[in-house]
Amino acid sequence: MAIQRMDNVLIVVEDLDAVIAFFVELGMELEGKGPLDWPGAERVIGLEDVRQDIAMLRIPGGPGRVELAKFHRPKAITPEPKDAPANTLGIRRVMFAVDDIEDVIARLRAHGAELVGELEQYENIYRLCYVRGPEGIVVGLAEQLGAS
């Protein structure tokens, strides 16, 4: 048996609307938003008495999705340190290929995003950077310059 695809990445957030706006500005489309009323979810995630709202965003014309969850009950737990550096264990970022990296950075800055480090060029192939958005979410951006 083989993996068929990667379906989505879950990000737990406090301000669902702000994070949705950030990802929509990045170029994703909001597929749906609302309360998760499926009782089986509690059994899947291993928590009891759950009340949460979720949003699903998709890459237009592509297979990738980002799922956002705002927990009303039980309360979400804040990791320490809040803005963990790149060498912290666990998932640190999600990478997106973009057409115009400088345009994307400028648009995301309107949503409070800042560069983590610097915008750099890898040979004549990519321009790359990490951007920290709302709630400390880090996304990587890659603009392809030439054939890899």
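Scan the range 113-135 for residues that are surrounded by fewer than 13 Cβ atoms within 10 Å (Cβ to Cβ) and touching a residue at least 24 places away in the same chain (Cβ under 8 Å) and the total you get is 1. State whether one or more residues within the range 7-21 are surrounded by 13 or more Cβ atoms within 10 Å (Cβ to Cβ) and in contact with a His (Cβ under 7 Å, 6 or more places away or on another chain). Checking the range 7-21: at least one residue is surrounded by 13 or more Cβ atoms within 10 Å (Cβ to Cβ) and in contact with a His (Cβ under 7 Å, 6 or more places away or on another chain). How many residues are farther than 18 Å from residue 59 by Cβ, charged (D, E, K, R) and not in a strand (DSSP E or B) if we restrict to the range 96-148? Total satisfying the criteria: 5.
Scanning the range 39-78 for residues that are surrounded by 12 or more Cβ atoms within 10 Å (Cβ to Cβ), in contact with a Gly (Cβ under 9 Å, 6 or more places away or on another chain) and in a loop (DSSP other than H, G, I, E, B) turns up just one, 59. The number of residues in the range 1-36 that are out of contact with any strand residue (DSSP E or B) (no Cβ under 9 Å at 6 or more places or on another chain) and among the polar types (S, T, N, Q) comes to 1. Look at the range 1-21: where a residue is more than 17 Å from residue 33 (Cβ to Cβ) and a partner is surrounded by fewer than 13 Cβ atoms within 10 Å (Cβ to Cβ), sitting 6+ places away or on another chain with Cβ atoms under 7 Å, you get 5/63. Somewhere in the range 133-142, is a residue more than 22 Å from residue 66 (Cα to Cα) and modelled with pLDDT of 95 or more? No, the conditions are met nowhere in the range 133-142.
The values are calculated or read from the model by the stated rules, or taken from the named source; none is laboratory data. Every value quoted in this text rests on a predicted model; they were computed, and no experiment measured them. Note: ideal-geometry Cβ built from the backbone for every residue, glycine included; neighbour counts use all protein chains shown.
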